[in-house]
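S.K.: My questions all concern the structure below.
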Amino acid sequence: PLAVPVATWRLLRVWIHVLGALARTYTVWRALDRPRLEAVTRVWSGQLLAILGLRLVVHGTPRPGAKLIVSNHVSWLDIVAINAVAPSRFVSKAEVARWPLVGRLVTYARTLYLVRERRRDAMRVLGLMAQAMKDGDTVAVFPEGTTGPGDHVMHLHPNLLQAAIDAHVPVQPVVIRYEDPFHRFSPEPAYVGDTNLLQSLWWVVSARDVKVHVGFLAPQAVAHADRRALAARLHEGMSAYLEQTP
């Protein structure tokens with residue numbers, strides 16, 4: 001790990017970066033249209049990764065236009081990494097909106113919130129997702145439903161894939177992998193177990209030479225697709241990609 005003063009300096013810069021963005025949501029960012037908001041999101045996210053000490057390595061190309069990004073889930077950093085390449089509207093649990101400071105930024109990024117305790121809320125969110133993609137947005141989901149260590153792709157829940165089928169837009173799978181000089185699957189960024197956000201943030205700023213690989217696989221057509229079969233096909237492709245990449 002890095003020396004404590006270096007990690008502390010990184011952490012201070014992170015807070016300055018976040019607070020600066022928060023202030024701009026009340027001022028200059030308020031009038032941004034979608035293209036400019038996406039451009040700002042891409043730049044800001046890339047800067048945050050750099051401040052955290054992560055090197056972004058992109059494989060493949062995000063499909064232009066509306067799509068549903070389906071990604072494996074290792075850390076809260078996944079959102080930043082995807083946004084640094086393909087700014088997206090994420091589907092998130094509703095309690096994130098209440099997080100101090102970060103909650104406003106997440107909401108400002110036009111996040112679609114899902115109330116997990118309400119069984120029927122998924123139908124409402126599916127409608128919002130489909131409409132967003134029909135309007136030209138990219139929507140991103142983590143259908144594993146939770147974070148994992150990143151060394152394999154967990155079961156993909158198919159429910160949210162229905163939005164892409166309803167909107168008639170392709171699904172583009174994304175595979176995220178963190179590595180460091182000692183681990184092909186770096187344990188430092190993994191947001192698992194009883195780890196809280198502050199602990200995770202400290203581990204990340206203390207880590208040395210971490211790379212985040214973001215792999216964009218070929219988009220998948222959804223015409224006449226069954227969501228369970230689609231989920232199985234995505235899982236197979238993402239798992240093979242994760243195993244085969246050096």
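S.K.: Find how much the distance from residue 116 to residue 183 grows on full extension, using 0.36 nm per residue of separation minus their present alpha carbon separation; answer in nm with one decimal.
M.R.: Result: 20.7 nm gained on full extension.
S.K.: Next up: Might you tell me the accessible area per residue for region 1-134, computed with a 1.4 Å probe and given in Å²?
M.R.: Spelled out: the 1.4 Å probe surface of region 1-134, per residue, equals 53 Å².
S.K.: Would you compute, from DSSP H runs of 4+ residues alone, the mean residue ellipticity of the chain at 222 nm, taking -39500 (n - 2.57) per run and dividing by the full residue count, rounded to the nearest 500?
M.R.: Result for the chain: -13000 deg cm²/dmol, rounded to the nearest 500.
S.K.: Scan around residue 69 for amide H atoms under 5 Å from its own, H built in the peptide plane at 1.01 Å from N, and keep only partners 5 or more places away or cross-chain.
M.R.: Residues meeting the amide H criterion: 139, 140, 141, 172.
S.K.: If amide H atoms are built 1.01 Å from N in the plane of the peptide, which residues on other chains or at least 5 residues away come under 5 Å of the amide H of residue 114?
M.R.: 92, 93, 94
S.K.: Continuing with the same structure: Compute the Cα gyration tensor for the chain, then decide on rounded, prolate or oblate, letting a ≥ b ≥ c be the square roots of its eigenvalues: rounded whenever a/c is under 1.5, prolate when a/b is larger than b/c in the other cases, and oblate in all that remain.
M.R.: oblate
S.K.: Under the rule a/c < 1.5 gives rounded, and otherwise a/b versus b/c splits prolate from oblate, where does region 3-86 land using the Cα gyration tensor?
M.R.: Oblate, since a/c reaches 1.5 and b/c is not below a/b.
S.K.: I'd like the carbon and sulfur percentage of the solvent accessible area for region 58-181, probe radius 1.4 Å, heavy atoms only, ligands and nucleic acids excluded.
M.R.: Heavy-atom surface of region 58-181 belonging to carbon and sulfur, 1.4 Å probe: 55 percent.
S.K.: If you place +1 on the Cβ of every Lys and Arg, -1 on the Cβ of every Asp and Glu, and leave all else neutral, what size is the dipole of region 73-224 about its Cα centre, to the nearest 20 Debye?
M.R.: 460 debye
S.K.: Roughly how many whole Å is it from the C-alpha centroid of region 173-213 to that of region 66-86?
M.R.: The distance from the Cα centre of region 173-213 to that of region 66-86 comes to 15 Å.
S.K.: With the Cα gyration tensor of region 189-246 giving a ≥ b ≥ c as the square roots of its eigenvalues, does the rule (a/c under 1.5 for rounded; else a/b larger than b/c for prolate; else oblate) give rounded, prolate or oblate?
M.R.: In terms of gyration-tensor shape, prolate.
S.K.: Below 10 angstrom from the Cβ of residue 115, what's the summed charge of the other residues (Lys, Arg +1; Asp, Glu -1)?
M.R.: +3
S.K.: Suppose we flag chymotrypsin sites (Phe, Trp or Tyr not before Pro) only when DSSP calls them loop and at most 14 other Cβ atoms lie within 10 Å. Which is the longest uninterrupted stretch of the chain?
M.R.: 27-181
S.K.: Taking a probe of 1.4 Å, how large is the accessible area per residue of region 165-235, in Å²?
M.R.: Per-residue accessible area for region 165-235 comes out at 49 Å².
The values are calculated or read from the model by the stated rules, or taken from the named source; none is laboratory data. All values reported here derive from a predicted model rather than from experimental measurement. A quick note on method: Cβ atoms are made from the backbone with ideal geometry, for glycine too, and the neighbour counts reach across all protein chains shown. All accessible areas refer to the heavy atoms of the entire protein, side chains included, with ligands and DNA or RNA removed. Shrake-Rupley method; radii C 1.70, N 1.55, O 1.52, S 1.80 Å.
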